[in-house]
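Below is one structure; the comments refer to it alone.
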Amino acid sequence: MKYKIKETKDLTEDEIKHILELWDISAWNTMKPTYFRTFFKDSEFHFLVDAHENILAVIRVNFDFTLKIADTAYNFAEAVGLVAAHKKKGYGAALVKNFKENVIHRNLETIGFCHADLRSFYEKCDIEILHDKAKMIKESIGSEWVNSEDDDILIFHTSQERKELLNQLSVQNNAYLMTKE
């Protein structure tokens, strides 16, 4: 197995097709490579591949991710879209290990999110989890601010100060996901 990183613009059409198959999101299934590259332009893709360059697991890093907490904007790299080609083979865990080492080495402030039922997976991968803190993040849906659907915040790499800031999120102290217009 080999760990690889590619910018969106460097992905081949076959890689894009395979990523979309692995993600299996109906709204994206017919996405063409040109649109994919535009849609995910602020992203980077991390892979675990076999000897034949087949993707065993993938995770996307979204660099366009800002949380506003107490009137201050904080930029993070967001780890999202982790999926393995085959379940229970250790590919996802191996990718998470390589990914975490990479963001620490690059000193890249990186967080992710998960539902409570995935906690045990991330615990086995030695990822710090801020339990039930993702619910304190509000996302703009139309003209309303609604709570995130995720339960937990995953700490891949971030400063102690930012970790404490995220850990202090509460019903009285929400974070707001800022999106570009």
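Observations, loosely collected:
- Phe99 vs. criteria farther than 18 Å from Ser170 by Cα and surrounded by 18 or more Cβ atoms within 10 Å (Cβ to Cβ): yes
- Arg37 meets the conditions (1) of a type in the set (Lys, Arg); (2) part of a helix (DSSP H, G or I); (3) over 25 Å from Leu177 (Cα atoms) in every case but one. The failed one is (3).
- All positions within the stretch 3-52 that are among the charged types (D, E, K, R), within 18 Å of the chain's Cα centre (by Cα) and closer than 17 Å to Val96 by Cα: Lys4, Lys6, Glu44
- Flag: Glu44 matches the condition of being touching an Asp or Glu at 6+ places or on another chain (Cβ under 7 Å), of a type outside the set (A, V, I, L, M), modelled with pLDDT of 95 or more and surrounded by 15 or more Cβ atoms within 10 Å (Cβ to Cβ).
- Considering residues of the stretch 121-157 that are in a strand (DSSP E or B) and among the charged types (D, E, K, R) only, the residue least open to solvent (accessible area, probe 1.4 Å): Asp152
- Residue count, the stretch 88-145 (criterion: closer than 19 Å to Met1 by Cβ, of a type in the set (Gly, Ala, Ser) and in contact with a strand residue (DSSP E or B) (Cβ under 8 Å, 6 or more places away or on another chain)): 2
The values are calculated or read from the model by the stated rules, or taken from the named source; none is laboratory data. Quick caveat, the model's predicted, so the values are computed rather than measured. A quick note on method: Cβ atoms are made from the backbone with ideal geometry, for glycine too, and the neighbour counts reach across all protein chains shown. Ligands, DNA and RNA are stripped out before the accessible areas are found, and what is left, the full protein with its side chains, is counted by its heavy atoms. Shrake-Rupley method; radii C 1.70, N 1.55, O 1.52, S 1.80 Å.
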